Amino acid sequence: MKLPLYGWLAAETISLVGTRISMLALPWFVLETTGSAAQAGLIALFEMTPLVLSKIFGGPVIDRIGPRRVAIACDLGSAVVVGLIPLLYAAGLLHLSILLALVALAGALRGPGDAAKSSMIPQLVEAAGVSTERATGLHSFVERTASMLGAAAAGLLIGLVGATNAIVIDAASFALGALVLAATTAGLTGHRSPGPAEQPRKDPASYGAQLAEGWHVLRRDRVLLGIAFMVALTNLIDLAWSSVLMPVWGQQHAGPETIGLLFATFSGFSAVGSAVAAAIGDRMRRYPTYLVCFLITGIPRFLVIAFGAPLWVVFVVFAIGGTASGFINPILGSLQFERIPAHVLGRVMSLISAFAWGLMPLGGLLGGGLVSAFGLTTALVACGIAYFVVTMFPAIDPTWKQIERRSEPAASRLPATAGS
């Protein structure tokens, strides 16, 4: 039964397109109305802080009531909250404090919502009868394609109708995505029958005990913990790049349309890489693929912007880097589902996601602070070098060589305890 998998992918496409539009529309709106890179970074801080906290503490909720229910409820709530931004702006009531509060609430809903959608993958894989790497590769393809479409639409919409009106699309996408997910995954069951040699595991009764068990599983796995820390640092730099450095460069040298096309180019070619990874990922060596792809997708895109390369060169670098980036998420996603037992999947996935997003609240402040203190060029070079150091560290850490080992997904070996 592949309908739930395809429906889940369709719902992700819809909501991600809207989210990518707001990622450019919100900072552009603040830059237009205040001219302050620091305030644009403040928006990112207020969104990402509750997002990370809700990821940390939402895991037991996902395991208790089921990832499907959490995902649908959070998307419907996000539609309401995001929709209030253009509504209040049209009424002349959208002061900075209110905008920050709405952005914070939207982040708090996205945290468990995103983790819940990821936690649905083992059920979707089992129902569709496909490999985990195929499913994560398809999801990465959808994510990159949605990013391409959303980024291109964001640039065009901001140029045509303004940043605030573009946010309306984001609100609508959350509502439509929730409806598609609810309709296509209704037949999924959250319970698996254990095999003859398996005994169902009982979760601790208290919320605190459940949260602690998820942490103990994560901290005992050095591969998963290493992935979480690495992605935390790269996400910090990426958010500074996307929320401040690129918009500031766009205002100085290009325009919203050019920024949108660059983001779309990167995401579009990343979708191509993800599609290839979905097709052949289970036959590729993970460790060298990881290193080479991060080397290509990392520092070059910072340097071509910093040193004023011709625009066609910038587009070529973004295209090549995007293609390489498409191979990374399928590798990291497969590792998580291979190593996390099903009965703690929601908790551990939430914690990994919280680690990965943990420094992102500071990304906007980092970008804004660097630009304000040292100028755009120095900020770009510094972020590019930091990205290189972080992503190449696994080349000297033997722990990371364990990612070559493939095994049956743990989530398919143990029975889940949550409902759908």
Using mean Cβ contacts within 10 Å as the protection proxy, how do 223-235, 239-251, 75-87 order, highest first? 239-251, 75-87, 223-235
Once you place label points 7 Å from the Cα toward the Cβ at residue 313 and residue 229, how far apart are they in nm? 3.7 nm
Residue-normalised accessible area of region 234-358, given per residue in Å² at a 1.4 Å probe: 32 Å²
Point-to-point label distance, residue 73-residue 101, nm (Cα→Cβ direction, 7 Å offset): 2.3 nm
Would you kindly state how much longer the chain becomes between residue 32 and residue 399 on full extension, computed as 0.36 nm times their sequence separation minus their alpha carbon distance, in nm to one decimal? 127.5 nm
At a 10 angstrom cut-off on C-beta neighbours, averaged per residue, how do the peptides 171-179, 63-71 rank from highest to lowest? 63-71, 171-179
Using a 1.4 Å probe over the heavy atoms of the protein chains, calculate the carbon and sulfur portion of the accessible area of region 94-183 as a whole percent. 72 percent
Share of carbon and sulfur in the accessible heavy-atom surface of region 288-335 [1.4 Å probe, %]: 86 percent
Please report how far the C-alpha centroid of region 80-114 lies from that of region 263-327, rounded to the nearest whole angstrom. 33 Å
Area accessible to solvent at residue 89, 1.4 Å probe radius, in Å²: 110 Å²
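The values are calculated or read from the model by the stated rules, or taken from the named source; none is laboratory data. Remember, it's a predicted structure, so these values are computed and weren't measured experimentally. All Cβ positions, glycine included, derive from the backbone under ideal geometry; neighbour counts span all protein chains shown. Accessible surface is based on the protein model in full, side chains and every heavy atom, while ligands, DNA and RNA are left aside. Shrake-Rupley method; radii C 1.70, N 1.55, O 1.52, S 1.80 Å.
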